[in-house]
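The values are calculated or read from the model by the stated rules, or taken from the named source; none is laboratory data. Here the structure is a predicted model, which means the values were calculated and not measured. Here the Cβ is made from the backbone with ideal geometry for all residues, glycine too, and neighbour counts use every protein chain on show.
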Amino acid sequence: MHPETFEFATAGRIIFGCGKGRELPELLKPFGKKVLLVTGAHPERHEKLKRLIEEAGLGVEFQSVRKEPTIERVNEIAEYIQRRQCDVVVGIGGGSVLDAGKAAAALANNPGELMDYLEGVGKGKALPCPSLPYIAVPTTAGTGSEVTKNAVIGVPEASVKVSFRSAYLLPKIALVDPELTLDSPPEVAVNCAFDALSHLLEAYLSLKATPMTDAVCREGLSRLGGGVLMAYWMKPEHLATRVHVSLASLLGGLALANGGLGAVHGFAGVLGGMIGAPHGAICAALLAPVLKMNYSVARENPTKESQRLLGRISEVSLMLSRNVGARPEDAIEIIERLARSQNVAGLGKLGLKKEQFPTVVEKASKASSMKGNPFVLSAEKLTQILEEAF
């Protein structure tokens, strides 16, 4: 596709700002009388929200997702929605919760089971009917799931994660309130921020990038530059940095959904299913090694594509360092320094074994995200990345 020919799809409405979460009860009213709240492992945290929704004259039910959503759990929630005749679904939590709610809301309004629609392990059918109205309210800053049209589902028996993908999965409303991220545990905040950074960086370097995704990536990367991430981790109560990272996360979701990703996520999807480590932690271990490999390939092969990539990496260095004299290498050094500062675990500590490398490389080379990587990387180069990230 020519870069001047593109599509850009996102949530029906995006609402961003501190305190905006309090508008949820009013936003729900046009969609019906009975609300299902899909939450994380502790639904009791949302009792105040439940009361506010009830005071608005609506009925509220809860379903929780304790870890990443599985086929079985999504089917259960969809059946609950149908049985209780819920009119609208709200996902409030991290990326796993948002994906579970998104998938269940779609499945509840369509025939069959989730396996009928999954890529790879299932039948891969297209959804025939729109989803039930769905509102996504993130409480972490990283995944951007509130503005994407896919849900990542775990298939434990096959040790894989797969995508449930359809334009019908796009939420009616993405409600992003940075104040809701204030309670994120430190480890979650670190992993999610690396996820947001990898979304923006990979989408900006992606072969599938468009003028629209370039625009949101530039804004997002600029929001994370100049020490913002270090301040975000060191002073969790500082709301100004929460705003920057929440906005960067939202922009990263817009970018990945419309401009593709690269080798970090090509590996991450495979590794997530195999070793069960948090997605953001896997991205944190891989981000610098993948960028370093792409930079090395570009320098060794002076082609038009290489010149494009080197120019873009230089721009990333400028945005992250806010230094007009930035070199391409600075982006790699900044990411490595961020990883060291947070004691980011290597893939070995996250559970990968070296004898698994050939399987990971074989599966990752076929992953859809790999198609956006600036270069086709050989099995040898993919193995080198795993070695460095280990």
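Just wondering, is there one or more residues in region 240-250 that are at pLDDT 95 or above, in the same structural domain as SER321 (by TED's automatic domain parsing) and closer than 15 Å to VAL316 by Cα?
Looking through region 240-250, at least one residue is at pLDDT 95 or above, in the same structural domain as SER321 (by TED's automatic domain parsing) and closer than 15 Å to VAL316 by Cα.
Specify the residue that is nearest to ALA288 (Cα to Cα); the eligible residues are those in region 376-386 that are touching a residue at least 24 places away in the same chain (Cβ under 8 Å) and surrounded by fewer than 19 Cβ atoms within 10 Å (Cβ to Cβ).
From region 376-386, those touching a residue at least 24 places away in the same chain (Cβ under 8 Å) are 377, 381-386; that's our starting set.
Now narrow it down to the ones that are surrounded by fewer than 19 Cβ atoms within 10 Å (Cβ to Cβ): 381, 383-384.
Details: LYS381: 14, THR383: 15, GLN384: 13 Å.
Ranking the candidates gives GLN384 first.
For region 106-116, which residues satisfy the criterion of being touching a residue at least 40 places away in the same chain (Cβ under 8 Å) and buried (at least 22 other Cβ atoms within 10 Å of the Cβ)?
Correct list: ALA106, LEU114.
Filter region 374-390 for residues that are outside any helix (DSSP H, G or I) and over 22 Å from the mean Cα position of the chain (by Cα) and give the result.
Within region 374-390, PHE375, VAL376, LEU377, SER378, PHE390 qualify.
Looking at region 352-373, which of the residues that are assigned to a loop (DSSP other than H, G, I, E, B) and modelled with pLDDT of 95 or more is surrounded by the most Cβ atoms within 10 Å (Cβ to Cβ)? Lay out the reasoning, then the answer.
Within region 352-373, the subset assigned to a loop (DSSP other than H, G, I, E, B) is 352-353, 366-367, 373.
Among the residues that remain, those that are also modelled with pLDDT of 95 or more are: 352-353, 373.
On the way: LEU352: 21, LYS353: 12, ASN373: 24.
Among them, the one singled out is ASN373.
Residues are listed down the side, and each one gets a yes or a no for (1) among the hydrophobic types (A, V, I, L, M, F, W, C); (2) touching a residue at least 12 places away in the same chain (Cβ under 8 Å); (3) in contact with a Pro (Cβ under 7 Å, 6 or more places away or on another chain):
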site: THR70; (1), (2), (3): no, yes, yes
site: ASN75; (1), (2), (3): no, yes, no
site: GLY95; (1), (2), (3): no, yes, no
site: VAL137; (1), (2), (3): yes, yes, no
site: GLY144; (1), (2), (3): no, yes, no
site: GLY154; (1), (2), (3): no, yes, yes
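Which residues, taken from region 214-243, are under 26 Å from LEU309 (Cα atoms) and either touching a Lys or Arg at 6+ places or on another chain (Cβ under 7 Å) or touching a residue at least 60 places away in the same chain (Cβ under 8 Å) (or both)?
ARG218, LEU221, SER222, LEU224, GLY225, GLY226, LEU229
Examine region 317-327 for a residue that is charged (D, E, K, R), modelled with pLDDT under 95, part of a helix (DSSP H, G or I) and farther than 27 Å from PRO186 by Cβ, and state whether such a residue exists.
So in region 317-327, the residues charged (D, E, K, R) come out as 322, 327.
From what's left, modelled with pLDDT under 95: 322, 327.
With part of a helix (DSSP H, G or I) added as a condition, the list becomes none.
Checked region 317-327: no residue is charged (D, E, K, R), modelled with pLDDT under 95, part of a helix (DSSP H, G or I) and farther than 27 Å from PRO186 by Cβ.
Just checking, which of ALA126, ALA100 is within 19 Å of LEU170 (Cβ to Cβ) and either aromatic (Phe, Trp, Tyr) or at pLDDT 95 or above (or both)? Before the answer, list the steps.
On the way: ALA126 fails: either aromatic (Phe, Trp, Tyr) or at pLDDT 95 or above (or both).
Just a single option satisfies the conditions, and that option is ALA100.
So is GLY32 in the same structural domain as SER145 (by TED's automatic domain parsing), touching a residue at least 60 places away in the same chain (Cβ under 8 Å), at positive phi and surrounded by 13 or more Cβ atoms within 10 Å (Cβ to Cβ) or not? Give the derivation first.
Details: in the same structural domain as SER145 (by TED's automatic domain parsing): yes; touching a residue at least 60 places away in the same chain (Cβ under 8 Å): yes; at positive phi: yes; surrounded by 13 or more Cβ atoms within 10 Å (Cβ to Cβ): yes.
Against the criterion (in the same structural domain as SER145 (by TED's automatic domain parsing), touching a residue at least 60 places away in the same chain (Cβ under 8 Å), at positive phi and surrounded by 13 or more Cβ atoms within 10 Å (Cβ to Cβ)), GLY32 qualifies.
Would you please name the residue that is farthest from GLY372 (Cα to Cα), looking only at residues in region 244-260 that are crowded, with 24+ Cβ neighbours inside 10 Å and of a type outside the set (Gly, Ala, Ser)?
VAL245
Are any residues in region 156-170 part of a helix (DSSP H, G or I) and either free of Cβ contacts under 8 Å to residues at least 40 places away in the same chain or out of contact with any helix residue (DSSP H, G or I) (no Cβ under 7 Å at 6 or more places or on another chain) (or both), and if so, which ones? Steps first, please.
Residues of region 156-170 that are part of a helix (DSSP H, G or I), as a first pass: 156-158, 167-169.
Scanning region 156-170 gives PRO156, GLU157, ALA158, ALA167.
Within region 66-87, how many residues are buried (at least 24 other Cβ atoms within 10 Å of the Cβ) and either more than 24 Å from LYS123 (Cβ to Cβ) or not assigned by TED's automatic domain parsing to the domain that holds ALA158 (or both)?
1
Just wondering, is there one or more residues in region 171-183 that are among the small types (Gly, Ala, Ser) and either part of a helix (DSSP H, G or I) or over 16 Å from the mean Cα position of the chain (by Cα) (or both)? Quick ask: steps written out before the conclusion?
As a first pass, look at region 171-183 and keep what is among the small types (Gly, Ala, Ser): 174.
Checking the rest, the ones that are also either part of a helix (DSSP H, G or I) or over 16 Å from the mean Cα position of the chain (by Cα) (or both) come to none.
No, every residue in region 171-183 fails to be among the small types (Gly, Ala, Ser) and either part of a helix (DSSP H, G or I) or over 16 Å from the mean Cα position of the chain (by Cα) (or both).
Considering only region 89-117, how many residues are closer than 15 Å to ARG73 by Cβ and either touching a Lys or Arg at 6+ places or on another chain (Cβ under 7 Å) or of a type in the set (Ser, Thr, Tyr) (or both)?
Total meeting the criteria: 4.
For region 73-89, does any single residue satisfy the condition of being of a type in the set (S, T, N, Q) and outside any helix (DSSP H, G or I)?
Just the residues of region 73-89 that are of a type in the set (S, T, N, Q), to begin with: 75, 82, 85.
Remaining after also requiring outside any helix (DSSP H, G or I): 85.
Yes.
Identify all residues within region 262-286 that are touching a His at 6+ places or on another chain (Cβ under 7 Å) and either outside any helix (DSSP H, G or I) or surrounded by 24 or more Cβ atoms within 10 Å (Cβ to Cβ) (or both); write none if there are none.
Of region 262-286, the ones touching a His at 6+ places or on another chain (Cβ under 7 Å) are 268, 272.
Residue satisfying the conditions is ALA268 alone.
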